[in-house]
Amino acid sequence: MLIELPTHDTPLCNHSLPKIEEWLRSQGCEQNPEELNHWQVEGSTWKADLWLDIDQLTVCYHIAEGKEQEIQRSFKYSLSRQDIEAAVFSGP
């Protein structure tokens, strides 16, 4: 069942949890069945763990260029879905 999302310029804090989950799935993310706030996604040169925290989306990128490297970023839910999408899914 597809859920219609609010407009792309709507802050993520104004999305219901089912809508945020549908948005993450549409971006290719997979939810951890044992830790429901934990999601994973892969880009062409990176992998990332995403956590839906209380007041922010936390992303930990894993890059395997030569040696394993991790980069962590956090995005407040007050940002628009469009801004978070551009920042998270473009990679580190």
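Couple of notes before you dig in:
- Eigenvalues of the alpha-carbon gyration tensor of the chain, scaled by 5 and square-rooted, set the equivalent ellipsoid semi-axes at 22, 14, 12 angstrom, largest first.
- Heavy-atom SASA rank of Lys67, Lys76 (probe 1.4 Å, accessible area, largest first): Lys67, Lys76
- Folded to 0 to 90 degrees: helix 17-26 orientation relative to the chain principal axis, Cα: 50
- Rounded to the nearest 500, the 222 nm mean residue ellipticity of the chain from helices alone is -6000 deg cm²/dmol, with -39,500 (n - 2.57) taken per DSSP H run of at least 4 residues.
- Modelled spin labels at Ser16 and Lys76, positioned 7 Å past Cα toward Cβ, are 2.6 nm from each other.
- Sites Phe89 and Lys67, calculated FRET efficiency, Cβ-Cβ separation with R0 22 Å, nearest 0.05: 0.35
The values are calculated or read from the model by the stated rules, or taken from the named source; none is laboratory data. What you are looking at is a predicted structure, and each value in this text was computed from that prediction instead of being measured. Here Cβ is always computed from backbone atoms with ideal geometry, including for glycine, and neighbour counts include all displayed protein chains. The area values use the complete protein model at the heavy-atom level, side chains included, leaving out ligands, DNA and RNA. Shrake-Rupley method; radii C 1.70, N 1.55, O 1.52, S 1.80 Å.
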